[in-house]
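Below: one structure, written as structure tokens.
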Amino acid sequence: MNNKAAFCTGIEDMEIMDAPMPKCGHADVLIEVKYCGVCGSDAYWYAHGEVGFEDVYPYILGHEFAGTIIEVGERVKNFSVGDRVAVEPGVPCGKCKWCKEGRYNLCPDIRFLSAPRAHGAMQKYVAHPAEYCFKLPDNISCKSGALIEPFAVGLHAIETAQINPSKTIAILGAGCIGLCTLLAAKLYNASRIFVIDIFDNKLKMALDFGADAVINSKNQEVETNIKKLTNDRGVDIVLEAAGTPITTALAEKLVSRGGDIVLIGSTHNSVPFEFYSIISREVSIKPIFRYCNNYPVAIDALAQNKVELESLITSEFSLNEAKKAFDTALYDREKNIKVMVKICE
């Protein structure tokens, strides 16, 4: 078998080249990758690289993927050749304080595919520990399976927020993660859901996914509209899913007394927070990092047709078109929610 991969060879440079064939270890499965999504973090890395890893090129990105098992390690008992799996891309150490507490997403030694120096899944074959692979039922496609990773982020956010039918929520950002958070909030029966973004097409999709109201912050005053929708109270929970200083700062202005702000997006720059307002109203700030123990819930929701994820896909490319896929994710954000790459037939 010949392994091909989309190698990032420099800033905004990508080439399809031969890659070493992965070796299937005793506790691993070897997967023929069917689909791999382009995450916002992948597009950011493609455009900017990462300080301290200038020597990592050529480098394989991608961590949202699913495929078919073609080889099983001798110690693996719960998988067979031919099984289709969604893959959780992070492999924690299993020994540290956080792993032992069940919060393995906080493991300081986690090996996460597409985070330097662990090559990602934008290649035909990937070997991965069976423990972090999840069998897909017959009614879940590999394309949907590749979307379980971003949906798991939304689930982790909603579980952290402790959503229930009494809670009103506002989601800042209607990209893939924001919409996955919306779907998770619907799954957990949030009372009312408001979504804020600057693109009408994304807000329309939010309405299609079940949002109760949407606000275009480009031409509508968000704080005023949220107050109108909540009888001047503000929402119980704000979920920041855009990862910008502007939306992160806005969260404090939308949340009610005793409410919660859940930070999902990766906001890199400094944010001016009015901390006295947060203190005097007992507002809690709860950041999340990736996900933890969410794949089984996600797969069960898909299997029972409680959520549908493939509508998130707005562009699809072949492996040979990987550079075009990354350029589309990077430069055509208004039209695209999720860019998907079909790796193998």
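Brief remarks follow.
- Where helices (runs of 4 or more DSSP H) sit wholly within region 182-298, none has at least 1 residues that are within 26 Å of E334 (Cβ to Cβ) and in the same structural domain as R333 (by TED's automatic domain parsing).
- Listed by first and then second residue, the pairs linking a residue in region 251-264 that is over 14 Å from K167 (Cβ atoms) to a residue that is charged (D, E, K, R) and buried (at least 24 other Cβ atoms within 10 Å of the Cβ), with Cβ atoms under 8 Å apart and 6 or more places separating them unless they lie on different chains, are A251/E240; L263/E240; I264/E240.
- Taken as a whole, the condition of being aromatic (F, W, Y) and under 16 Å from the mean Cα position of the chain (by Cα) does not apply to Y331.
- When F326 is tested against (1) crowded, with 19+ Cβ neighbours inside 10 Å; (2) assigned by TED's automatic domain parsing to the domain that holds A170, only condition (2) is not met.
- Candidates are the residues of region 255-284 that are under 20 Å from the mean Cα position of the chain (by Cα) and surrounded by 15 or more Cβ atoms within 10 Å (Cβ to Cβ); the one that is modelled with the lowest pLDDT is T267.
- The residues on offer are K167, K124, K135, K95, and the sole one that is of a type in the set (K, R), modelled with pLDDT of 95 or more and not assigned by TED's automatic domain parsing to the domain that holds Y46 is K167.
- Qualifying residue in region 227-234 (condition: of a type in the set (K, R), surrounded by fewer than 24 Cβ atoms within 10 Å (Cβ to Cβ) and either within 22 Å of the chain's Cα centre (by Cα) or under 21 Å from V271 (Cα atoms) (or both)): no
- A single member of E308, E321, E345 is over 21 Å from I158 (Cβ atoms), among the charged types (D, E, K, R) and not in a helix (DSSP H, G or I), and it is E345.
- Subset of region 1-22 (residues that are in contact with a strand residue (DSSP E or B) (Cβ under 8 Å, 6 or more places away or on another chain), of a type in the set (A, V, I, L, M) and either farther than 22 Å from F53 by Cβ or not in a strand (DSSP E or B) (or both)): M1, M21
- Count - residues of region 28-82 that are exposed (fewer than 14 other Cβ atoms within 10 Å of the Cβ) and hydrophobic (A, V, I, L, M, F, W, C): 3
The values are calculated or read from the model by the stated rules, or taken from the named source; none is laboratory data. Predicted model only: the values in this text are computed from it and were never measured. Note that we place each Cβ from the backbone using ideal geometry, even for glycine, and neighbour counts take in every protein chain shown.
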